[in-house]
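Novice: Okay, handing you the structure first.
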Amino acid sequence: MPRPGLRSKAQARKKLKTPGNRNTTHYWRKKPSKAHCAICKKPLQSIPRLRPSEMKKTNLTSRRANRIESGRYCAKCLQVLIKDSIWHS
């Protein structure tokens with residue numbers, strides 16, 4: 001019997017035959033949802049849909065866009081925030 005965390009149907013399964021001629025089941029977690037903008041809630045561009053363990057293995061430039069606050073706000077909302085901070089300072 002699989003361990004309790006793998007008993008739900010949320011994991012993808014694949015039945016395999018090992019080189020030692022045993023039948024086993026491999027499990028995969030589902031893909032996480034897309035990252036969303038904190039203001040307008042639209043999905044963020046250029047941020048991959050990876051689990052945290054896989055995200056750590058990618059290099060920093062492929063994890064986010066090359067601008068400030070790129071993992072939190074979309075480009076349009078960030079533009080508005082920057083303009084507001086300039087005009088109200």
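Novice: Under the condition of being of a type in the set (S, T, N, Q) and touching a strand residue (DSSP E or B) at 6+ places or on another chain (Cβ under 7 Å), which residue from the stretch 1-44 is nearest to residue 76 (Cα to Cα)? I'd like the intermediate steps shown before the answer.
Specialist: Here is the first cut: in the stretch 1-44, the residues of a type in the set (S, T, N, Q) are 8, 11, 18, 21, 23-25, 33.
Keeping just the survivors that are touching a strand residue (DSSP E or B) at 6+ places or on another chain (Cβ under 7 Å) gives 11, 18, 23-25.
Working: 11: 36, 18: 51, 23: 52, 24: 49, 25: 45 Å.
Out of the qualifying residues, it is 11.
Novice: Which condition number does residue 34 fail, the rest of (1) in contact with a Pro (Cβ under 6 Å, 6 or more places away or on another chain); (2) surrounded by 13 or more Cβ atoms within 10 Å (Cβ to Cβ) being met?
Specialist: (2)
Read-outs: derived from the displayed coordinates by stated rules, not from any lab. Values in this document were obtained by computation on a predicted structure and should not be read as measured data. For neighbour counting, all protein chains shown are included, and Cβ atoms are generated from backbone atoms with ideal geometry for every residue, glycine included.
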